[in-house]
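Just so you know, all these numbers are worked out from the coordinates, no wet-lab data involved. Just so you know, these numbers come straight off a predicted model, no measurement behind them. Here the Cβ is made from the backbone with ideal geometry for all residues, glycine too, and neighbour counts use every protein chain on show.
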Amino acid sequence: MVALSETADTARANRKLVRESMAAPLLEREHERELAVRWRQHRDEKALHELVQSYMRLVIATASRFKNYGLPQADLVQEGVVGLMQAAARFEPERDVRFSTYAAWWIRSAMQDFILRNWSVVRTGTTAAQKSLFFNLRRLRAKIEEGTGGRLDDVGRAQIAEQLGVTRADVEDMEMRLSGGDQSLNATIGPDGDDAWQDFLADERPNPEESVAELRDSRRRSEWLASSLMELSERERIIIRERRLREEGSTLEELGVKLGISKERVRQIEHRALMKLKAALLRQVDHPADLAFLGATPS
């Protein structure tokens, strides 16, 4: 009962807003400019209220154009008001442009952004090309299908892609996403079935046995490496650690400066240290195939 009452109250409030907006007088060009100047230069809130109230009809008219996207009309109107306020904050009265023309872009943009954020749990895309594709695909597809008398084919998709500046793959992807809404993974497959969609999703994570084996092998490789590094000289260990065991390895020149030798000498020591390290590792493995763990091959 509470939900029904709230819904009825919301509907009444929306109807009242529409009536009041449509009853607001249209502004003459000079009066509109005067209100914009009073708000921009003197922060006159009465002028802002009159300016915004006069163009609420523009918000409502724009919201009605997006009613087929399945979102509440009241939410669209609210987003449109945000866009209208942004337009009022940014409008420059000295330019020879009507406020209604300027505000229309901000209102439409605010509603489109809201639709893109809420139409699907999967992000649809926020680039200008993706937004244009989302809001124009149905219209262009209907126009092409009407002209050809059939369904949209690859030629038609290529035409849409060229016209909107996207790839044909983008058109196909958006077509597929617009053809069906989101579906819960907890939903049952059939009306009388107990199986849910999520029951048929493959789990690609390693199983417990694989996780334990990987952990054991990782510890084993670390022990081999630590033991083998002890067979190198201090300078060789420094070069191997700095060059091979760090995510961002040092350059030959940087190590040369650090150790007081030429970069060519650093390269020679590194080569010799790698040979010694490989030999030390080979002595520790149980089988030549174990070298696969090390990213090396027996020689």
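Whole number please: convex hull volume per residue of the Cα set in the stretch 11-119, in Å³?
Numbers: hull volume 10.2 nm³, N = 109.
Here the figure is 93 Å³ per residue.
Say the dipole of the stretch 208-294 comes from +1 at the beta carbon of Lys and Arg and -1 at that of Asp and Glu; which of Met230, Ser250, Gly260 then lies farthest toward its positive end?
Gly260
With a ≥ b ≥ c the root eigenvalues of the C-alpha gyration tensor of the stretch 205-245, is it rounded (a/c under 1.5), prolate (a/b larger than b/c) or oblate?
Numbers: a/c = 8.05, a/b = 2.73, b/c = 2.95.
Here the stretch 205-245 falls in the oblate category.
Sort 24-30, 134-140 for me by packing, meaning the mean count of neighbouring Cβ atoms within 10 Å per residue, highest on top. Before the final figure, lay out the partial values.
Working: 24-30: 11.6, 134-140: 16.0.
Taking the mean over residues of other Cβ atoms within 10 Å, the ranking is 134-140, 24-30.
For the stretch 220-231, what does the Karplus curve 6.51 cos²θ - 1.76 cosθ + 1.60, with θ = phi - 60°, yield as ³J(HN,Hα) per residue in whole Hz, taken in order and with x for Gly and Pro?
5, 5, 4, 5, 4, 5, 4, 5, 5, 4, 5, 7
So what's the projected area for the stretch 208-294, the Cα convex hull averaged over all directions, in nm²? Before the final figure, lay out the partial values.
Working: hull surface 25.4 nm².
For the Cα atoms of the stretch 208-294, the hull's average projected area reads 6.3 nm².
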